[in-house]
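Right, one structure below, let's go through it.
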Amino acid sequence: MTRVVFVERDGTARVVEGKPGDRLLDLAQNAGEPLEGTCEGQMACSTCHVIVDPDDFAKLPAAVEEEEDMLDLAAGATRYSRLSCQIWLSDVLESLTVRIPSDSKNMQGR
Ligand code: FES
């Protein structure tokens with residue numbers, strides 16, 4: 001198992017377990033985190049944007065150009081922003097910590 005720590009809008013941390021190979025967006029949505037992911041990973045929306053803990057950011061493979069372009073459109077993006085639809089869990093990412101941007105919504109608009 002690979003644990004992911006989601007830091008909620010109110011600052012509380014929530015640990016969710018996934019498996020290597022799981023996509024972070026799917027893990028978040030299955031756990032009820034408010035990430036919309038409108039385009040389901042086609043890199044056409046940026047509604048799956050998360051802010052990665054700086055200590056974990058360097059463990060991720062570099063973003064491809066299309067991801068960088070979509071992050072330019074993400075509300076509240078920082079230098080540690082990534083698209084959760086482009087992150088797959090692995091042993092290297094054990095305890096990956098990501099913050100949900102405050103303007104995020106899930107498919108129910110919450
Ligand atoms: S789900 Fe649309 S860019 Fe990730």
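Since every read-out is calculated from the coordinates, none of them should be taken as a lab result. A quick note: this is a predicted structure, and the numbers were derived from the prediction, not measured. Positions of Cβ are backbone-derived with ideal geometry, glycine not excepted, and every protein chain shown enters the neighbour counts.
Below, the figures for the structure above:
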item	result
Selection from segment 24-54 of residues that are closer than 16 Å to S102 by Cβ, in contact with a helix residue (DSSP H, G or I) (Cβ under 7 Å, 6 or more places away or on another chain) and either of a type in the set (D, E) or assigned to a helix (DSSP H, G or I) (or both)	A28
Selection within segment 72-98 - closer than 20 Å to D22 by Cβ and in a strand (DSSP E or B)	R82, L83, W88, L96, T97, V98
Test: residue in segment 2-22 that is near the ligand (Cβ under 10 Å from one of its atoms) and in contact with a helix residue (DSSP H, G or I) (Cβ under 9 Å, 6 or more places away or on another chain)	no
Unmet requirement for E66, which otherwise passes all of (1) charged (D, E, K, R); (2) within 10 Å of the ligand (Cβ to nearest atom); (3) touching a helix residue (DSSP H, G or I) at 6+ places or on another chain (Cβ under 6 Å)	(3)
Any hit, segment 77-97, residues being among the charged types (D, E, K, R) and crowded, with 16+ Cβ neighbours inside 10 Å	yes
Residue that is nearest to V92 (Cα to Cα), among those in segment 4-23 that are of a type outside the set (V, I, T) and part of a loop (DSSP other than H, G, I, E, B)	P20
Complete set of residues in segment 73-87 that are within 12 Å of the ligand (Cβ to nearest atom) and either over 16 Å from L25 (Cα atoms) or out of contact with any helix residue (DSSP H, G or I) (no Cβ under 6 Å at 6 or more places or on another chain) (or both)	L73, A74, R82
Among residues of segment 26-59, those that are within 13 Å of the ligand (Cβ to nearest atom), on the phi < 0 side of the Ramachandran plot and surrounded by fewer than 21 Cβ atoms within 10 Å (Cβ to Cβ), counted	8
